[in-house]
1. Would you mind computing Rg(Cα) / (2.2 N^0.38 Å) for the stretch A:322-439, counting N as its residues?
2. Which pairs break 32 Å Cα to Cα here: A:K490/B:K121; A:K254/B:K41; A:K377/A:K415?
3. I'd like the accessible area for A:K439: 1.4 Å probe, protein heavy atoms, all chains in place, Å² to the nearest 10.
4. Which length gain, in nm to one decimal place, applies between A:Q285 and A:K186 when the Cα-Cα distance is subtracted from 0.36 nm times their residue separation?
5. Given a 1.4 angstrom probe, what's the average accessible area per residue across the stretch A:415-522, in square angstrom?
6. Please enumerate, by chain and number, the aspartates and glutamates with C-alpha under 12 Å from the C-alpha of A:K334, excluding those fewer than 8 residues away in the same chain.
7. I'd like the accessible area for A:H39: 1.4 Å probe, protein heavy atoms, all chains in place, Å² to the nearest 10.
8. Quick one: work out the % antiparallel among DSSP beta bridges in the protein assembly as shown, nearest 5.
Amino acid sequence: MSSLTEKDRPVVQLLLNTGTCPRCILRFCCVGSQVLYRHPCEDLMKELQEFLKNNQEKEDTVCLDGVDPPCKRIRLEHTEGPDDLNHNGVFQQIPSVNDGNAAMDSSAGKVCNVCLGILQECCEADFVKKVCQKVNSADYQFTSFVFSVSLPPQLSVRERAAWLGVKQEMRNLGLSLAKDDIVQLKEAYKWIIHPQLSEELGVPADGKSLFEVSVVFAHPETDEECHFLATACPDCFKPAKNKQSVFTRMAVIKALEKIKEEDFLKHFPCPPSRPKNLCDALEIQCNNGAVFVAGRYNKYSRNLPQTPWIIDGERKLESSVEELISEHLMAEFKADSFNFSSSGREDVDVRTLGNGRPFAIELVNPRRIRFTAEEMKRLQQAINNSSDKIQVRDLQLVTRSAIGRMKEGEEEKTKTYSALIWTDRAIQREDIAFLDDIKELKLDQKTPLRVLHRRPLAVRCRIIHTMRSEYIDEHHFRLHLKTQAGTYIKEFVHGDFGRTKPNIGSLLNRTADILELDVESVDVDWPPTLDN
Amino acid sequence: RICVITLAEAHPLLQSGKTIKSISYQISANCSRLQNKVSGKSKRGAQFLTELAPLCRISSSDGEEYTIYSCIRGRLIEVNENILSNPSLLQQKPSTEGYIAVVLPKFEESKSITQGLLTQKEYEEVLLKRRNSSS
């Protein structure tokens, strides 16, 4: 094996004897060639054995030459005996050099004491097939994938223990460690499994992919191995409400950084014990990144809330704007759930006319993600055919950042309205004509009583930019207004117990009330208009 | 449920002949309803009112003084400062611009409070009985 050098021999020998798999051995020798890891485990094992044999032959010849330090070492180790503690006070399995072959045989076919099988069976063809079966049956549309793996925290503990064993061995032999940038377990795992997954699924692995295949591994047999860290470094382990176990990977890694070598070796066997079982793949899950659909909606009903109106489990009004729009989208995109947001809202009894109000729907974990402009048009038509209470236009796929633009509109842009107003005392045309001339009327609006139970008490300054009146009869007229975003129109008309000043009542010196309100336009130029 | 406290239509102050001299929200040496400050959605810092908590005292020009009580348990959200500057509002528009105070009862008590109130009809029956018994 050309990637291994003289200096690696004791490491390879030690790890092989203590039950570490060939791939982990390569990692500990800092072998960076990805291709090498993809060789079958049996082949790697043979190569390592070959590598060691060469070493052994050299040693034997040296020994035959008489009393030599290596031979002395052998004799010393034999006299010490297998259960003796060395001067560091640590349990140590003494590697017996002549027993090399026997030790290697006992490692072969057993679960690795460092990776617990992750770099053994858990990246072989059978496992790959299992994952791909899950992916294919989940029926997702994807062009690439990102594979994320969650490893049990005790792996970090075992890795540390094995590494300390290696360091100790090197110290005992009077050698210095040539390198200490071990190849990370997860990295090696991905080197091995990505090409196989890629081939089975027919698409490349891409770190930026929106389609995520995630596997959670667990090894219940050794779960308690992390517990000693809680007594050694108690402040690393705070019980978090959401997580089942306090021993998260992050917490364990933090504790391992803090704990001193001596303390670690006091509580954990070095080298790590040989496990009976492999890691289990607890969960194999697929998830697609969210997709965003935007458009503008018109609302023609005076009996439709924007979101479902449910009190104490009872639905007060049938359906809602968001349900009417998202029902079809959910079905087409086959998503788990949706989040509806819009550039402002209107009351149940207010219509939205004109170009409509911009909205965006986030479809969570959609199975289908690719839609042509034609398909979107058909989807829009389907929504419009299904209900006369709402209509949508400019339906299109957008990016997540687009939502920001829409919310901008909510606070900054103007809206125009049409209100049907009633007055108690009679009015003549002359009485309301002056309203048309009022520009930039400043209002002080206290939080309306009708929302005061769920909003903080405050005074809002809002501006009515322009007004245009249409006389109907002695007690009715229609008022068209263009206002700043966030203006309460109904309160401007009836005055809200005098808490909105000025108001139509105070301007006309009468008692006024609002009979009907329509949104004529929402002056946001997003999403882009399509030729519908 | 938000509650707006106003003068009942049968209140002496709303009968003809009465003029309001002054209105004061100073209930006691330590307590002025004008100092009520609420913050946030849950209206923290609000003065808590019980049924018999006084909201304000109103003096009429004929020397009478009337204390207006909350009649409802809850947090005091605001008192109407407009009637301080314009007392006639109270008499001309007692049920709208001339309101006294806004109170927000506890969510759990909301239903029981509503049930303890009289409907317009029930109130009119009370007034009818009152008139009949006095005549």
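1. Against the empirical 2.2 N^0.38 Å value, I get 1.43 for the stretch A:322-439.
2. On the way: A:K490/B:K121 28 Å; A:K254/B:K41 40 Å; A:K377/A:K415 27 Å.
Those over the limit are A:K254/B:K41.
3. 110 Å²
4. Working: separation 99, 0.36 × 99 = 35.64 nm, distance 1.81 nm.
Stretched out fully, the A:Q285 to A:K186 stretch lengthens by 33.8 nm.
5. 44 Å²
6. Partners within reach: A:D139.
7. For A:H39, the solvent-accessible surface is approximately 60 Å².
8. 90 percent
The values are calculated or read from the model by the stated rules, or taken from the named source; none is laboratory data. The structure presented is a predicted model; accordingly, all values stated were derived computationally and were not measured. Positions of Cβ are generated from backbone atoms using ideal geometry, with glycine treated the same way; all protein chains shown enter the neighbour counts. Just so you know, the surface numbers come from the protein's heavy atoms only, side chains and all, with ligands and any DNA or RNA stripped out. Shrake-Rupley method; radii C 1.70, N 1.55, O 1.52, S 1.80 Å.
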